[in-house]
Amino acid sequence: MDKLEKFRQIGYTLAIILMIAGIFIIGYYEENIMTGISLLNTGSILFFVIYLRFKRAQKGPFKDERTVKIGAYGLSYSWMLTFILISILFWVEATGIAQMTVKGMLAILMFSMIVSAKGIQWYLFRKGDIE
């Protein structure tokens, strides 16, 4: 068994264990229902991501110099946009324009990081290359 197949089996096993633990916690410990839901979601997402990754890997190599370069540029642009957003959120809170909770700020930042990273990478892949 090669390394990739072993990684896939370990990932699927971990995902199934997380889902079973989540179902068990939801069924037997009603006071910790959010923990169970979190474990169930984490296991489902892990299972789905591993499935997609290995389905794509069967088509052939999905990394070359161009894709690595575009990915790195996309993530660095996303980091810069997130840094600017952190500054904006700081000043919005400091000037009293809006009162935000830490949970709300983190949700905004996590969502914007994911969307901007994938959006910029999508744009750069459509453009073709980085100059």
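Applying 1/(1 + (r/R0)^6) with R0 = 41 Å to the Cβ-Cβ distance of residue 29 and residue 99 gives a FRET efficiency near 0.75. Placing unit charges on the Cβ atoms only, positive for Lys and Arg and negative for Asp and Glu, gives the range 1-58 a dipole magnitude near 460 debye about its Cα centre. The range 75-131 and the range 16-54 have Cα centres lying 28 Å from one another.
When +1 charges are put on Lys and Arg Cβ atoms and -1 charges on Asp and Glu Cβ atoms, the dipole computed for the chain relative to its Cα centre reaches about 580 debye. For the range 1-61, the set of trypsin sites (Lys or Arg not before Pro) satisfying both a DSSP loop assignment and a count of at most 16 other C-beta atoms within 10 Å is given as 59.
Two tests apply to each whole DSSP H helix in the chain, Cα reach of 20 Å or more along its axis and mean Kyte-Doolittle hydropathy of at least 1.0, and the ones passing both are 3-28, 33-57. For q = 0.11, 0.13 Å⁻¹, what log10 I(q)/I(0) does the chain give under the Debye formula with an equal point scatterer on each alpha carbon and no solvent? Debye output, listed in q order: -0.66, -0.86.
Work out the count of Lys pairs in the chain where the Cα-Cα distance is under 17 Å, with the pair 8 or more places apart or on different chains. Lysine pairs satisfying the spacing and distance rule in the chain number 7.
Evaluate the distance, in nm, between pseudo-label points positioned 7 Å from the Cα of residue 107 and of residue 64 along their respective Cα→Cβ axes. Here the modelled spin labels are 4.2 nm apart. Shown for the chain: the carbon plus sulfur share of the solvent-accessible area, taken with all protein chains present and a 1.4 angstrom probe, equals 70%. Between residue 88 and residue 53, the distance separating the two model label sites (each 7 Å from Cα on the Cα→Cβ line) works out to 3.2 nm. Of the residues 109, 29, 42, the one whose Cα sits farthest towards the positive end of the charge dipole of the chain is 42 (charges of +1 on Lys and Arg Cβ, -1 on Asp and Glu Cβ, taken about the Cα centre). Taking only the Cα atoms of the range 66-131, the radius of gyration and Dmax are 14.4, 45 Å.
The values are calculated or read from the model by the stated rules, or taken from the named source; none is laboratory data. All values derive from a computational prediction rather than experimental measurement. Heads up, the Cβs are rebuilt from the backbone with ideal geometry, glycines too, and the neighbour counts pull from every protein chain shown. Ligands, DNA and RNA are stripped out before the accessible areas are found, and what is left, the full protein with its side chains, is counted by its heavy atoms. Shrake-Rupley method; radii C 1.70, N 1.55, O 1.52, S 1.80 Å.
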